[in-house]
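First the structure, in the form of structure tokens, and then the observations on it.
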There are 2 protein chains.
Amino acid sequence: MFSRNVHNPLITPRGVAASRPDFEVLGTFNAGVTTYRDEVILLLRIAERPLQTDPKCVRYPEMLPDGEIVVREVNRDDEHIDASDPRLIFHRRTGKVSLTSMSHLRLARSHDGIHFTVDEHPWLVAQPPYETFGVEDARITCIENTYYVNYSAVSALGICTGLISTRDFVNVERQGIIFPPSNRDVTIFPERVNGLYVCYHRPMPALLGSLNIWSATSPDLKHWGNHQVVVTAQDQGWEAGRVGGGAPPIRTPQGWLSIYHAADPNDRYCLGAFLTPLEEPWRVIGRSRTPILAPEAAYETSGFFPNVVFTCGALLQNDLLKVYYGASDEVIALAEIPLADVLASLADTPSKT
Amino acid sequence: MFSRNVHNPLITPRGVAASRPDFEVLGTFNAGVTTYRDEVILLLRIAERPLQTDPKCVRYPEMLPDGEIVVREVNRDDEHIDASDPRLIFHRRTGKVSLTSMSHLRLARSHDGIHFTVDEHPWLVAQPPYETFGVEDARITCIENTYYVNYSAVSALGICTGLISTRDFVNVERQGIIFPPSNRDVTIFPERVNGLYVCYHRPMPALLGSLNIWSATSPDLKHWGNHQVVVTAQDQGWEAGRVGGGAPPIRTPQGWLSIYHAADPNDRYCLGAFLTPLEEPWRVIGRSRTPILAPEAAYETSGFFPNVVFTCGALLQNDLLKVYYGASDEVIALAEIPLADVLASLADTPSKT
């Protein structure tokens, strides 16, 4: 049903400068999306790492307590480390983990929504103590002319969700940590419901519980409560591993439309959609039975982490839903679908999740 | 330094009726504490299970979607289940877990704080969908004549924190889920700081992060935000596994005093204390170097889950700190210490956790 843009992938690491000359860009993906003035704005996740100079060693970034990022190097043969997972270094003596790359947020802009100019410098860089491993996966929600950007704040303390706000994408105000660890995939609604702000969030429970989508309300966007489970992972199929919020909810005449992601035990990530009443965003009345977008194109089935389509934002323009999505944790792509087709694809769902 | 009460343990399962004739009480422990009128009130965690009739079988409780609790029975030899852990049943075919016991909250009252009368019937029973595995570990905070009781709401959806309020311990108003999974050990301050309510909470992060104590603020006790890490688990020693809130913070002239728990990798639970400025409850200025209470008495070193002392509440009366604590996940005990002795025991701590 989705039509992939012929220019896909729209943005790749090859076209983007690293934040410093001794780093290289690994991924330009999972971008928050909005429109500002007459442009489409993306806040890209840029994953980068130190240039690797010696195949026997791994060079990785480490943020010091004061925020400075230094380059560390370990020998792959060092018995005290385990570098078998390319994404991380496990330090056997301390039990601690370092990531081999670090992400920041970078702004890209476009007049046609297809050809983007990517800023040369980071738009938001990580800060200690909650972001020492980086900032990831921005979502943008415009409420009354202020743009709220939530993102994953990753550190050894866990995966939290941070919030910042801006009115012009130049001046940024940090609003603190809005969800403690482990919680990501937060999508904030563009308007209040029954007087309160609303979001979906995706706790990652320990001991008991699965990776489900929950709702929460807030009087001020900083303090969140009244948590309710909304969409649950399934026992089998494409949603058997996890579900999580994707694009911030979009108002349609039929209700709030949400594009979400789901993954199976093989870490194959697909996109689905669900619908709720405008006044009850915690009650699902329609949901995809099958993926509306699954990894099929070459840039989706191969790359840094293959078989992933993952969205952080979509635009509804002239009854056309334009979904920007990260593919294989490496590039940004665009797919479009008439809104009516998405809505028609949703299966009626009893109020039970 | 602590003086254990000579009547310890004060409450044991033998003195408490099960909620139904076909159940037995396993534990009467981890009680929230307050004073109401001229009595000391405990909200006990009562863990109970179906009477076991056949050694070859395990009978366990299961809550149906409508809230009814039915008794299930599995054969220990059934190849599709694993009952080797006495606390749970693992269903191999579905990958799901059932608990062998279920907890509710029960009120106990005393004029002298030592001899308690335990209600015959539950004070708060679990409700679907967030409490299908039970309600546990109440903490009580009195704010302007209303008693706020937070507790662990446990279900297959995860370990959440629920909030209820009461003015008379008869009529109870549910306030919903205030922390999504996994989060427990919430302790709410008895007064606002800088205009906002404050609590400590203990997220249980997945993938990255340790079991640390965080602070949060709230405009209304229902919505929580501005999360900050306050007390972190250590690399070695009695705090090497986890730390978590214990008694709700107590105002002293020197600052907010908190009694917390810590556990080591052997699951030995001890109590410690920390102190913060009255205006900055997220900045630790004094903290125990060694446990202020460790499992030593017979009822602390043997029982359902041995080597555990765990508090959910303390009273400060005439400069004497009275800590009620669960011992070995089975009984309630009391230990007292002069406030001055606790404060003198705290090591100066730089603002860094």
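Any read-out appearing in this document is the output of simple, stated calculations on the displayed coordinates, not a laboratory observation. Given the structure is predicted, the values throughout are model-derived calculations rather than measurements. Neighbour counts are summed over all protein chains in view; Cβ atoms, including those assigned to glycine, are modelled from backbone coordinates with ideal geometry.
Consider a paramagnetic label point 7 Å from the Cα of A:Asn171 along Cα→Cβ; state which residues of the stretch A:14-40 have an amide N under 17 Å from it.
No residue qualifies, since no backbone N sits under 17 Å from the label point.
What is the spread of the Cα atoms of the stretch B:1-139 along each of their three principal axes, largest first, in whole Å?
54, 32, 31
Could you grab the relative contact order for the stretch B:1-142? Cα pairs under 8 Å, six or more apart, rounded to a whole percent.
25 percent
Going from the alpha-carbon gyration tensor of the stretch A:232-353, what semi-axes, largest first and in whole Å, does one get by taking the root of 5 times each eigenvalue?
23, 18, 11
Just add up the charged neighbours of B:Pro249: K/R +1, D/E -1, any other residue whose Cβ is under 12 Å from the Cβ of B:Pro249.
Details: positive: B:Arg139, B:Arg251; negative: B:Glu191.
Cβ neighbours under 12 Å give a net charge of +1.
Tally Lys/Arg at +1 and Asp/Glu at -1 over every other residue whose Cβ is under 10 Å from the Cβ of B:Val231; what's the total?
Working: positive: B:Arg202, B:Arg287; negative: B:Glu239.
Value of the local net charge: +1.
Any idea how far apart A:Asp267 and B:Glu79 come out in nm if each label point goes 7 Å out from Cα toward Cβ?
3.3 nm
Lysine pairs, Cα distance under 23 Å, 8 or more residues apart or cross-chain: how many in the protein assembly as shown?
Summing the qualifying lysine pairs gives 5.
Only Cα pairs under 8 Å and at least 6 apart count here; give the relative contact order of chain A as a rounded whole percent.
The value is 15 percent.
Could you tell me the convex hull volume per residue, in Å³, taken over the Cα atoms of the protein assembly as shown?
Looking at the protein assembly as shown, the number lands at 165 Å³ per residue.
log₁₀ I(q)/I(0) of the stretch B:3-346 at q = 0.14, 0.15 Å⁻¹, via Debye over equal Cα point scatterers, no solvent, to two decimals?
The computed values of log10 I(q)/I(0) come out as -1.16, -1.34.
Normalising by the residue count of the stretch A:271-348, find the relative contact order in percent from Cα pairs under 8 Å and 6+ residues apart.
Computed value for the stretch A:271-348: 27 percent relative contact order.
Rounded to the nearest Å, what's the spacing between the alpha carbon centres of the stretch A:285-345 and the stretch A:152-207? Just the number, please.
22 Å
Can you give the translational diffusion coefficient of the stretch B:175-217 in µm²/s, computed by Stokes-Einstein from the Kirkwood radius over Cα pairs at 4 °C and 1.567 mPa s?
Answer, rounded: 114 µm²/s.
Would you work out the charge dipole size for the stretch A:3-346 about its Cα centre, treating the Cβ of every Lys and Arg as +1 and the Cβ of every Asp and Glu as -1, and quote it to the nearest 20 debye?
That gives the stretch A:3-346 a dipole magnitude of about 420 debye.
Each label point is 7 Å from the Cα along the Cα-to-Cβ direction; what then is the distance between the points at B:Ala156 and A:Glu62, in nm?
Once both label points are built, they end up 4.4 nm from each other.
Counting each DSSP H run of 4 or more residues in chain A as -39500 (n - 2.57), what helix-only mean residue ellipticity at 222 nm follows after dividing by all residues, to the nearest 500 deg cm²/dmol?
Rounded to the nearest 500, it is -500 deg cm²/dmol.
In a shell of Cβ-Cβ distance under 15 Å around A:Pro291, excluding A:Pro291 itself, what net charge do Lys and Arg (+1) and Asp and Glu (-1) give?
Every neighbour counted, the sum reads -1.
Among B:Gly113, B:Gly313, B:Gly134, determine the one that fluctuates most according to a GNM of chain B built with springs between C-alpha atoms less than 10 Å apart.
B:Gly113
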